[in-house]
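**Q** The following block contains the structure, expressed as structure tokens.
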Amino acid sequence: MVESWSFLDTVESNFRPLVVIELAKGTKQETIEWFTKRIVDKKANGGAQLLIKPLVMENGVENIYLVGASHLRLLLGAETVGLVKECSDNSMRAFTYSSRKTFKHFADDNHNFLTMAECQYIIKHELENLRAKNEKMIPGYPQAKLYPGKSIVRRLLTSGILVQIFPLHDREELKKLSHSWYGRVKVGYQPLDDIRCYFGETIALYFGFLEYFTFALIPMAVIGIPYYVFAWEDYDKYVMFATFNLLWSTVILEVWKRICAILTYRWGTLLMKRQFEEPRPGFHGVLGINPVTGREEPVYSSVKRQLRIYLVSLPFVCLCLYFSLYVMMIYFDLEQWALDYHEENESNFSSLMLYVPSIIYAVVIEIMNRIYRYAAEFLTSWENHRLESSYQNHLILKVLVFNFLNCFASLFYIAFVLFDMKLLRQSLATLLITSQILNQFAESLLPYWLQKRYNRRMKKRMCSKKTDMDLSLAEQVNMEKEMGTYLGTFDDYLELFLQFGYVSLFSCVYPLAAVFAVLNNITEIYSDALKMCRVYKRPFAEPTANIGVWQLAFETMSVISVVTNCILIGMSPEVDALFPDSKMDLVLTVALVEHLLLAIKFIMAFVIPDQPKDIQMKLARLEFESLEALKQQVRAFQMQLHFLFMHR
């Protein structure tokens with residue numbers, strides 16, 4: 001970077017609040033002064049060189065601060081975090097302040113060159129990289145220890161001095177986005193680029209995947225309706241539907257990779273260099289030296305972590321899986337009771353009672369999933385993983401294993417132990433529909449209703465106060481700080497993952513599964529959009545190039561679906577009649593077909609490129625230009641050395 005940080009001012013007349021910092025009530029004045037000084041200090045002095053302004057509330061308490069930055073500071077920060085922007089020649093390149101004039105739509109007076117989400121991401125990055133220098137503790141709090149290189153914000157959070165940091169909503173932009181996104185019922189695509197500009201790439205990519213998955217389900221739904229209505233039981237049609245399902249599950253996941261590459265290239269995150277991962281806030285241990293960075297930081301024995309995983313976490317997960325199977329057997333006892341009751345009474349009421357055990361079991365499954373999620377988070381945190389990525393991977397593995405068994409064990413038992421296809425169809429339909437209704441209520445409708453009640457109370461209280469402060473800004477901050485925190489896309493992807501399982505694993509038994517999935521996802525798009533805009537605090541943008549480990553999870557589910565559908569085909573009476581003398585021949589034939597289909601699946605995954613040809617060419621061109629630039633730098637350095645040597 002040619003420009004120095006030292007020429008930046010820490011005061012700007014046109015202050016634009018971007019991020020809110022809430023300190024605990026009663027925070028000591030010396031702590032506040034030290035923390036705010038570190039925020040506004042110059043980079044050369046170890047500060048963040050940002051702008052900060054207290055928001056005085058009606059009771060005179062100053063525990064809320066608004067953080068912003070000058071336009072120049074944000075541009076330099078964009079280079080620091082490695083943002084990729086579009087150039088005038090339509091190529092995508094990492095932004096540098098020295099070459100700012102080459103980027104499309106850049107102008108010194110254009111403050112919209114960086115989106116608000118990008119600006120807030122830059123501020124978050126700078127705050128999180130405020131590090132202790134020679135301080136041994138947080139001033140005023142001797143128990144909150146510091147050491148050189150420790151993130152100040154993370155220590156304040158873990159010590160309870162800092163309550164929360166969150167980005168502010170832009171009311172005007174949010175109103176426009178809400179109108180184009182969910183404000184009116186329409187048939188069309190979501191404004192993914194607008195969502196990305198406001199919420200960032202991670203959330204935009206989730207909604208892009210949700211939209212794509214919904215469209216991808218339509219062929220399955222269209223084929224499934226006549227299959228279900230006309231009750232086709234012929235062998236050839238049965239096999240044809242199952243085979244289409246297997247090819248469909250492979251193609252949609254491979255095509256998504258291409259669409260994902262197109263979106264993330266356009267947004268610039270496909271080219272972003274991965275940031276060096278810092279220790280997560282909850283990580284603790286004895287002080288030691290990081291061999292990579294050379295900085296002093298907590299060190300925790302990997303042996304101790306492995307012992308915690310294998311001696312505590314693994315047995316606990318196995319115990320939870322056993323409990324899930326025990327609850328499943330209770331469900332089958334209820335099913336038998338309902339069946340006996342129906343056979344004795346033969347009435348409309350008894351017919352309805354046949355669905356009651358499945359509904360109760362579906363509710364119990366959702367409750368168990370949510371309780372287990374809290375236990376899995378506690379255990380994974382207790383395992384003391386150093387990196388956030390490692391923490392997330394272990395958490396996802398725990399949750400996926402339990403949710404898979406909890407949701408699908410009863411269906412596997414009915415299909416491959418009881419051999420009751422009628423009960424399998426009934427259970428699958430009940431579990432799918434009930435879980436969708438419960439998720440819509442718990443994730444969107446209930447939080448929206450509670451938030452709306454709180455907003456009404458807050459508006460009445462704020463309007464009744466006679467204060468000289470900016471009422472609209474104070475009202476906005478008060479409302480947003482009490483909103484729920486959006487915890488990421490984990491639960492949203494998990495819901496789609498389980499839905500994909502219901503559709504793909506036993507679709508040939510209940511073809512309407514895809515129909516209900518499409519209907520649910522259409523409402524899910526609107527309810528999730530409402531949730532993001534009205535229910536939760538605005539989350540910080542997080543650049544991402546793909547959907548991460550969830551791609552692997554969906555691909556694993558599609559492989560399992562090949563096995564289950566092949567076995568279901570082999571169990572059909574039509575196939576069984578083809579092998580009247582030897583069941584071993586039937587087993588071998590089903591195994592052969594299953595291996596052939598898996599081979600076709602993996603060949604298709606290999607043949608279909610993950611990135612379109614034009615994206616591959618653009619990436620190759622950028623790589624070539626980077627290598628050429630590096631060669632020129634090496635040549636220039638060699639010439640300088642040669643010149644110095646000749647004139648010595």
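**Q** Compute the distance in nm between two label points, each set 7 Å from the Cα along the Cα-to-Cβ direction, one at residue 145 and one at residue 290.
**A** In this crude spin-label approximation the distance works out to 1.8 nm.
**Q** What GluC sites (Glu not before Pro) in region 340-419 are in a loop by DSSP, with at most 14 other Cβ atoms within 10 Å of the Cβ?
**A** Listed in order of number, the matching sites are 346.
**Q** Test of understanding: what is the full-extension gain from residue 420 to residue 318, defined as 0.36 nm times their sequence separation minus their Cα-Cα distance?
**A** 33.9 nm
**Q** By average Cβ neighbour count within 10 Å, what is the ranking of 430-436, 218-224 from highest down?
**A** 430-436, 218-224
**Q** Tell me which of 578, 645, 588 sits at the most positive position along the dipole axis of region 567-648, charges placed on C-beta atoms (Lys, Arg +1; Asp, Glu -1).
**A** 645
**Q** Moving on to the next point. Dipole of region 19-168, Cα-centred, from +1 at each Lys and Arg C-beta and -1 at each Asp and Glu C-beta, to the nearest 20 debye?
**A** The calculated dipole for region 19-168 is roughly 580 debye.
**Q** What does the net charge come to around residue 358 if you take all other residues with beta carbon closer than 14 Å to its beta carbon, with K and R at +1 and D and E at -1?
**A** Working: positive: 422, 425; negative: 333, 335, 366, 420.
With Lys, Arg at +1 and Asp, Glu at -1, the net is -2.
**Q** Can you tell which of 332, 368, 347 lies farthest toward the positive end of the dipole of the chain, using +1 and -1 charges on the Cβ of basic and acidic side chains (Lys, Arg; Asp, Glu)?
**A** Of the candidates, 368 comes out farthest on the positive side.
**Q** Turning to a different aspect of this structure: I want to check the label-to-label distance for residue 401 and residue 33. Put each point 7 Å from Cα in the C-beta direction and report it in nm to one decimal.
**A** In this crude spin-label approximation the distance works out to 5.4 nm.
**Q** Moving on. Would you work out the charge dipole size for the chain about its Cα centre, treating the Cβ of every Lys and Arg as +1 and the Cβ of every Asp and Glu as -1, and quote it to the nearest 20 debye?
**A** 3040
**Q** While we're on this one: If one puts a single equal scatterer on every Cα of region 550-646 and applies the Debye formula without solvent, what log₁₀ I(q)/I(0) results at q = 0.10, 0.15, 0.20, 0.25 Å⁻¹?
**A** With no solvent term, the Cα-only Debye profile gives -0.56, -0.79, -1.01, -1.19.
**Q** Two-decimal Rg/Rh of region 19-168 from alpha-carbon positions, Kirkwood Rh?
**A** 1.04
**Q** Here's a follow-up. Take the Cα atoms of the chain, find their three principal axes, and give me the spread along each one in whole Å, biggest first.
**A** Largest first, the chain extends 94, 73, 54 Å along its Cα principal axes.
**Q** Along Cα→Cβ, 7 Å out, is where each label goes; now give me the distance between the ones at residue 578 and residue 634 in nm to one decimal.
**A** Going by the 7 Å Cα→Cβ label model, 6.1 nm.
**Q** Report the gain in length on full extension from residue 360 to residue 472: 0.36 nm times residue separation, minus Cα-Cα distance, nm rounded to one decimal.
**A** That works out to 35.6 nm of additional length.
**Q** Looking at 483, 204, 76, which one has the Cα that reaches farthest to the positive end of the dipole of the chain (charges on Cβ: Lys, Arg +1; Asp, Glu -1)?
**A** Sorting the options by dipole projection puts first 76.
**Q** On a 23 Å Cα-Cα criterion, which of the cross-link pairs 28/145; 43/101; 37/133; 398/481; 42/136 come out too long? Please list the in-between numbers first.
**A** Details: 28/145 16 Å; 43/101 25 Å; 37/133 14 Å; 398/481 31 Å; 42/136 21 Å.
Over 23 Å Cα-Cα: 43/101; 398/481.
**Q** Hand me the GluC sites (Glu not before Pro) from region 477-523 located in a DSSP loop with no more than 16 other Cβ atoms within 10 Å, in residue order please. Present the calculation step by step, with values, prior to reporting the outcome.
**A** Values: sites: 480, 482, 495; in loops: 482.
Hits after loop and neighbour filter: 482.
FYI, it's all coordinate maths here, none of it is from the lab. Values in this document were obtained by computation on a predicted structure and should not be read as measured data. Note that each Cβ is placed from the backbone with ideal geometry, even for glycine, and that neighbours are counted across all protein chains shown.
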